[in-house]
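The structure under discussion appears below in the form of structure tokens.
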Amino acid sequence: MVSPVLRTTLALCALSTFAAAQTRYVGNLSGANVVPPVVSSGLGAIHARLDPATSTLTVNVATSGLGGIDTGAQLSNAPAGVNGSAVFALTGGAGTYSGSGVLSALQVAELAAGNLYVEVFSSVNPTGELRTQLELPAIVINEFAYDDAGTDDVEFVELYNRSTSPVNIGGWRLEALDATTTNPAYTVTAATVLAPGDFYVLGSSLLSTNFPGLVDQVVGATNLWENDNETLTIKDGFGLVQDSLIYEANKGIPVVMAPFVEGEGVWGNFVTTETGTPTSAARLRDGFDTDDNRDFHIARWTPGTSNAQGSPKPYCDDFETFALESTHPRFAGSFVGPRVIDPTAVSASNPNAIAASPLGGKALITWDPTGGGNGCVLVSTVHGPDILLEMWMYIDTTLEATATEREQWSVGIQGTTCGFHNFGDPSGSLATGFNTNGNTGIAWMYEVTSTSAIAYLVDHNNGAWPTTAVSAPTTLGSVNLTGQPAGWRRLRVQIAGNAVNGWLGGDFGSTTTGTQISGTAAAPYTGPAGVYIGYRELVVTNSTTRPPTIDGFFVGHPANAEAFGLSSPTTSGLPQICANSPANLGNGAHAIELRNVTAPGLPAALFLDFFPLVLAFDLSLIGAQPNSFLYVAPGVSITFGTSGTGLDSLPAPVPFDPLILGVDLFWQGVVIDPGLAFTLPVATSGGFRERIH
């Protein structure tokens, strides 16, 4: 049984999420749970679902082996170890019962807290023979891959035990069906016990051969699941559903599949590759289940191990430390991973030369040179309702040559895209067929056609597009760039709860420059940030495309960490400053990083203060180069010589002292570079604020 502490934690987490809060509840019936306990050879299980829109709870019960004839069952209200009053009776007999009723707001809260229970009565034990509390399912489908670029030989489904107790899943069945076919079901090997926090992978024998150790139970070689809209359902030994999903839901949810959908389903189409960085559809936080398939993201596959990847720190990157044409290790792509490029030079990964970004140097591009679409994600575990995403993006406003050609990209957060980044319809003006885009969360979408070039800020919520969507995306606003020059523009998205703000253009870190769009998301989201970049093109000549090309990438929590201001370059790179990990109380590994200065031995300093300067001081007034501003006074100054590696890390351990909780720290880096042809030969980073939490 899930512990009360974990149950309450998961319930509170679920209740704080968006509209389709956790709705599936289960329980194992036992005489030991009756108050007072009874000796019974009977067993049983329950499955319940709450409709959050109507507060209707539907309960199904299956039992066997009772000491006498079963005489009834009911749902009641009390915590474990206490008898309570009836909520509603269940009807049936001979081992199966069911029923439904509308819960009050108080009863919904009691359900979330684990204080509703089912009890079964018998002729031998008329006051109760079996009982169980309703609790969140221990076993969930945690990760899956059903289609790859060639022969489907790397398919798998991963189960995960998110409870604090071992669960015997021997005899459980992993089932699949679609509108016309009940596909093969795979039965878990008898007496298989899944420990708390452990994984169990059912998959292809070829996956097991080519990637040894990833598969716990081989269930076939190829084509284990269909490459179409399909259900995946894990059922316990009584045949009751523990978890389910529908993938490629854009192709429809027929009546036979409807009982297994969660939210909009996994809307888009997915594909993985066996080379480079293989991907899967995964919960970015193991076991995080809101009963909405928005929980699944494209991610670097991790069958048999934790889906948590990267580190939960603010992440910034100017891509200077990576080799040209290399695949960025912090990103994964459905077909081709994002590549590091020199934007000013044509290469295998860059279809045409463009200007360097405001930061200069290298950039990152998301493009499959063979054409079509490509979806990429940042491998990140940053999560929570308050998120900031900011970067430089090259926006090509050149219109397409013909009416049939178009390009579209998305940069989003708190969600995912699909493997193909199929065309969406943010303008609401496209044909009916443009409904397979798999974006979720909040995204800037940019679309260029033969007549217009427009950027849209879109709340995709949990995915789907008209006309078959339960809840369609909302375009919060747009910026018409038709007729404006191509070039680098700042993109920023900041989310606080369900308040959304986006900026296009303006200064990096600024909330007062550029074009701002404000809106309200359908509901706040507390899951993993899920940063994604997607691109789709329908053009005649690939060399004329401009796939998403970014620089100066930053993602983090605006309340806890934020970069601001301008930087000025050294002769060997543009200084950037960030933290290696959050400024959490007791984080002894916390350090401040000065990046992108690749010349060794330059005198440098980090300035630290508790407040920024009220007015940034323009150092060019006393002989420094343009864009050299002092944002932070040297209340504390830490001097050092640059290493020449492009990454200088200075320890700044955070003591475990509650008195400093909530304190803001402001940092800035300054480098003296004699090679600069200015009276005051200094280069400055922007400012960096972090809050101790």
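The values are calculated or read from the model by the stated rules, or taken from the named source; none is laboratory data. This is a predicted model, so every value here is computed, not measured. FYI the Cβ positions are ideal-geometry reconstructions off the backbone, even for glycines, and counts take in every protein chain you see. Accessible surface is based on the protein model in full, side chains and every heavy atom, while ligands, DNA and RNA are left aside. Shrake-Rupley method; radii C 1.70, N 1.55, O 1.52, S 1.80 Å.
Couplings 3J(HN,Hα) of segment 236-245, computed from phi: 7, x, 8, x, 8, 5, 9, 7, 7, 7 Hz, in residue order, whole Hz [Karplus 6.51 cos²θ - 1.76 cosθ + 1.60, θ = phi - 60°; x for Gly and Pro].
May I ask which residue of PRO126, VAL218, SER280 lies farthest towards the positive end of the charge dipole of the chain, with charges of +1 (Lys, Arg) and -1 (Asp, Glu) on Cβ and the Cα centre as origin? Farthest along the dipole direction, towards plus: PRO126. Annotation: amide H-H contacts under 5 Å for GLY530 (H modelled 1.01 Å from N, sequence separation of 5 or more, or interchain): GLN414, GLY415.
A simple count of charges around PRO36, restricted to other residues whose Cβ falls under 14 Å of its Cβ and scoring Lys, Arg +1 and Asp, Glu -1, yields -1.
Classification of segment 167-249 by its C-alpha gyration tensor yields an oblate form. The axis ratio a/c (a ≥ b ≥ c) is 1.5 or more, and b/c is at least a/b. Extension gain for GLU274-VAL255 works out to 3.4 nm (0.36 nm per residue, less the C-alpha to C-alpha distance). For mean projected area of the Cα convex hull in nm², computed directly from the structure shown, the correct entry in (1) 31.9; (2) 81.4; (3) 36.1 is (1).
Is the shape of segment 581-670 best called rounded, prolate or oblate, per the rule: a/c under 1.5 gives rounded, else a/b larger than b/c gives prolate, else oblate, with a ≥ b ≥ c the square roots of the Cα gyration tensor eigenvalues?
oblate
Here the 3J(HN,Hα) profile of segment 136-144, calculated from phi with Karplus coefficients 6.51, -1.76 and 1.60 at θ = phi - 60°, is 5, x, 6, 9, 10, 6, 9, 6, 7 Hz, Gly and Pro shown as x. Helix 4-15: angle to the longest alpha-carbon principal axis of the chain, degrees 0 to 90, nearest 10? Roughly 60 degrees between the two axes.
Prolate is the label for segment 224-356, because a/c, from the alpha-carbon gyration tensor with a ≥ b ≥ c as root eigenvalues, is 1.5 or above and a/b exceeds b/c. Each Lys or Arg adds one and each Asp or Glu takes one away; over the other residues whose Cβ falls under 14 Å from the Cβ of SER326, this sums to -1. Give me the distance between the Cα centres of segment 593-635 and segment 29-55, rounded to whole Å. Cα centres, segment 593-635 to segment 29-55: 64 Å.
Each Lys and Arg Cβ is given +1 and each Asp and Glu Cβ -1; about its Cα centre, the chain then shows a dipole of about 860 debye.
Taking segment 651-693 and a reference point 7 angstrom along Cα→Cβ of ILE638, the backbone N atoms nearer than 11 Å belong to 651-654, 667-668. Once the C-beta distance of SER55 and SER429 is scaled by a Förster radius of 30 Å, the resulting FRET efficiency is 0.20 to the nearest 0.05. Of the chymotrypsin sites (Phe, Trp or Tyr not before Pro) in segment 127-168, not one is in a loop by DSSP (not H, G, I, E or B) with at most 11 other beta carbons within 10 Å.
Per the Cauchy relation, a quarter of the hull surface: what is the mean projected area of the convex hull of the alpha carbons in segment 241-304, in nm²? Intermediate values should be presented prior to the final figure.
Values: hull surface 19.9 nm².
Computed as one quarter of the Cα hull surface, the answer is 5.0 nm².
Segment 283-377: which trypsin sites (Lys or Arg not before Pro) are DSSP loop and have at most 11 other beta-carbon atoms within 10 angstrom?
none
Accessible area per residue for the chain is 35 Å², calculated with a 1.4 Å probe on protein heavy atoms, without ligands, DNA or RNA. Residues whose amide H lies under 5 Å from that of GLY644, counting only those 5 or more places away or on a different chain, are GLY601; hydrogens are built 1.01 Å from N in the peptide plane. Computed from phi, the 3J(HN,Hα) profile of segment 181-193 under the Karplus parametrisation 6.51, -1.76, 1.60 (θ = phi - 60°) reads 9, 8, 8, x, 10, 10, 9, 5, 3, 4, 6, 7, 10 Hz, with x in place of Gly and Pro.
Using 0.36 nm per residue and subtracting the Cα-Cα separation, the extra length available between ASN480 and ALA190 on full extension is 98.3 nm. Amide hydrogen proximity for LEU284: with H placed 1.01 Å from N in the peptide plane, the residues at 5 or more positions away or on another chain lying under 5 Å are HIS297. Of the accessible area of the chain, with the probe set at 1.4 angstrom, what percent is carbon plus sulfur? The value for the chain is 60 percent carbon and sulfur by accessible area. Annotation for segment 197-273 versus segment 437-467: alpha-carbon center distance of 28 Å. A straight line joining the Cα centroids of segment 133-195 and segment 548-585 runs 41 Å. For segment 224-331, the list of GluC sites (Glu not before Pro) that fall in a loop by DSSP and count at most 13 other C-beta atoms within 10 angstrom reads GLU325.
Given contacts defined as C-alpha pairs under 8 Å and at least six residues apart, what's the relative contact order of the chain, whole-number percent? All intermediate terms of the calculation are to be shown ahead of the outcome.
Values: 2043 pairs, mean separation 67.5, N = 693.
Relative contact order comes out at 10 percent.
Compared with the direct C-alpha span, the chain from LEU324 to SER306 gains 3.4 nm at full extension, assuming 0.36 nm per residue.
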